[in-house]
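Colleague: I have a structure here, written as structure tokens, and I will follow up with some questions on it.
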């Protein structure tokens, strides 16, 4: 049998900023991009697709890993000469929204092709990849670039994620705009992450699907961390969104350590633009794209617990009594382990 190989590489350091929809990972991707040597955030759906297809047993581990090695090297190669860089100003991933846009506009007229490997070797760029709920399916990534990568796993209280996810299940999931791998189940097309709980998914509404999605994904990640991912735990930094936005400095230091770089003077400017630190978790920046995802400003004179209760009331009105029990469990688990507003 032919053995796939790629011993040499360009991407010496890769950071995956990962989390479920609505967790706030874009904030972290933008912030990390202001650290020394870290590139603008990029999306690499090709890597996500390799992991999805491997999870569905449609592509062998060595083949998925080989393609991921190629894709990450191609991404850093193209990025360093201005290819595949987003300049659409309204996008959060746009180079125009970077703390230093000129580093990308200058590359458009700078040296390319054969000069790029020398530039990469000299500047030692850190590839900054924003991915979607990928840690639970990331075996091909660890196989491909394990010694060279880290995961920043962003987590958040379920009640802050359910609204956005429900909107996704209502209008995005199942549409041509959803560039997720789907598979056939009883004459229906389902997203890959529904594997093993299809019967539950097909009989639920959007809010219930969001709760099941969070519950099943959390269970899977926890299982993998205790098993085959146990050896990778030093390279996984789990950051509760609430803890970070309320008291960022300890987490900033942990990010610096795990990706082996330092904050710059511009990092503080990015933090200010993101309203970090905050007095209240819900006190985010008011952008149209966030409002489309269900964000709304916190109400005057409400406590952190009040904000959670407001969101819980909305969810409970749209789910069955059985799912209320599941909702309360995933919320209780999160508060016991990561962040409780009453403490």
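Every number here is computed from the coordinates shown, using simple stated rules; none is lab data. Since this is a predicted model, take the numbers as computed values, not measurements. Backbone-built Cβ (ideal geometry, glycine too); neighbour counts: all protein chains shown.
Colleague: For every helix of n ≥ 4 consecutive DSSP H residues, a contribution of -39,500 (n - 2.57) applies; sum these over the chain, divide by its total residues, and give [θ] at 222 nm rounded to the nearest 500 deg cm²/dmol.
Modeller: Helix-only estimate at 222 nm: -13500 deg cm²/dmol.
Colleague: Expected output is a single nm value to one decimal: the length gained when fully extending between residue 4 and residue 63, i.e. 0.36 nm times separation in residues minus the C-alpha distance. What is it?
Modeller: Gain on extension, residue 4 to residue 63, equals 20.5 nm.
Colleague: Return the equivalent ellipsoid semi-axes of region 186-343 as a descending list in whole Å, where each equals the square root of 5 times an eigenvalue of the C-alpha gyration tensor.
Modeller: Values for region 186-343, descending: 30, 24, 16 Å.
Colleague: Can you report the principal axis dimensions of region 116-175 using only the alpha carbons, biggest first, rounded to whole angstrom?
Modeller: Dimensions of region 116-175 along the principal axes of its Cα atoms: 48, 23, 22 Å.
Colleague: A follow-up question, please. Binning at 5 Å from 0, report for region 175-276 what percent of all alpha-carbon pair distances ends up in each bin.
Modeller: Distribution as computed: 2, 9, 13, 15, 13, 12, 15, 12, 6, 3, 0, 0 percent.
Colleague: Which value results when the Cα radius of gyration for region 1-159 is divided by 2.2 N^0.38 Å?
Modeller: 1.05
Colleague: Mind sorting 171, 184 by how few other Cβ atoms lie within 10 Å of their own Cβ, fewest first?
Modeller: 184, 171
Colleague: Can you give the FRET efficiency for residue 202 and residue 102, using 1/(1 + (r/R0)^6), R0 = 35 Å, r = Cβ-Cβ distance, to the nearest 0.05?
Modeller: Once rounded, the FRET efficiency stands at 0.10.
Colleague: Output the peptides 199-211, 313-325, 92-104 sorted from most to least packed, where packing is the average of other Cβ atoms within 10 Å over each peptide's residues.
Modeller: Answer by packing, highest mean first, reads 199-211, 92-104, 313-325.
Colleague: When the expected Rg is taken as 2.2 N^0.38 Å, what fraction or multiple of it is the alpha-carbon Rg of the chain?
Modeller: 1.00
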